[in-house]
Amino acid sequence: KLPEAILFGIMAKESGGRVHAYSRSGAAGLLQFMPATGQRFGLNYEDGFDQRYDPQLAARANAAYLNEQLAQLNNNLEMVIAAYNGGEGRMQRLARSAPDAGFWDPEIFSQLPPETRDYVPVVLAAAWLYLHPEKYNLQFPKIDGRLGTLVLQKKASLAELAVCLGDAGSAHDGWFRALRNLNPAYDHQIGLPPGTRLTVPNVLEAAFPRVCAEGPWQT
């Protein structure tokens, strides 16, 4: 029953919204699950695809992780967010050593690495901004979240599709990131065979046949 903004705050800090983010430590995906933690929450390999890169599955795993840790850390949200970054084992040991202390108390805070000390307030601040943008003169762009499907008639990669689609549908930054995020199982550089079905923003269903399926780009 946490606000969705907590998920967005963690996402902003972990990957900046890049589904295919990968860290040197081996964390992967939108919410940067380590392999063992991901598997604990159902993120496995399916037909060679690492499900840590699936946004919906990763978001559900994130919620399950928070629920688990809230139960173990006395419903203390700051401690749970710290566990997401610094490890649940560390936070559970600290909680046992100081059962009445919270994240900000010196006996907890002083034991944490600088990264975790910074991580928690950044996530909370990002979540607060998502919840209350009007208080800080923020205006988030309005996104049409409806999805559509297109079927490739000729071989093409996601990168090539992003080039041909350009700014169709008034996309300020183009469609490359959206195409990758919505189709995480495909390598963006590999040509996909005819008949491949892709999930796309709804506006591209009409734009694709007009600008990509025929004409100068195909030539």
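The values are calculated or read from the model by the stated rules, or taken from the named source; none is laboratory data. Remember, predicted model here, so these are calculated numbers, not experimental data. Backbone-built Cβ (ideal geometry, glycine too); neighbour counts: all protein chains shown. These accessible areas exclude ligands, DNA and RNA; they are computed on the full protein's heavy atoms, side chains included. Shrake-Rupley method; radii C 1.70, N 1.55, O 1.52, S 1.80 Å.
Expressed as a whole percentage, what fraction of the accessible surface of the chain belongs to carbon and sulfur atoms when a 1.4 Å probe is rolled over the protein heavy atoms? Mind showing how you got there, number by number?
Values: 6500 of 12650 Å².
Accessible surface attributable to carbon and sulfur in the chain totals 51 percent.
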In terms of the alpha carbon gyration tensor, root eigenvalues a ≥ b ≥ c, rounded if a/c is under 1.5 and otherwise prolate when a/b exceeds b/c or oblate, region 54-138 is oblate
With the 1.4 Å probe rolled over protein heavy atoms, the chain has an accessible area per residue in Å² of 58 Å²
Taking alpha-carbon centroids only, region 41-117 lies from region 173-219 a number of Å equal to 36 Å
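Around A101, what is the net charge, scoring Lys/Arg as +1 and Asp/Glu as -1 over all other residues with Cβ under 12 Å from its Cβ? Don't skip to the end; give the middle numbers.
Details: positive: R96; negative: E78, D100, D105, E107.
Residues near A101 contribute -3 overall.
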SASA check, Y186, accessible area w/ 1.4 Å probe, all protein chains in place, rounded to nearest 10 Å², comes out at 80 Å²
Cross-link reach from K135 to aspartates and glutamates, straight Cα distance under 20 Å and at least 8 residues apart if same chain, gives E4
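G9: net charge of surrounding residues, Cβ under 15 Å, Lys/Arg +1, Asp/Glu -1, itself excluded? Each step should come with its number before you reach the end.
Numbers: positive: K13; negative: E4, E14, E78, D118.
Around G9, the surrounding residues sum to -3.
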Under the helix-only model (-39500 (n - 2.57) for each DSSP H run of 4 or more, divided by the residues of the chain), the mean residue ellipticity at 222 nm, to 500 deg cm²/dmol, is -13500 deg cm²/dmol
Sorted largest first, the C-alpha extents of region 151-219 along its principal axes in whole angstrom are 27, 27, 18
So, relative contact order of the chain in percent, Cα under 8 Å, 6 or more apart, is 18 percent
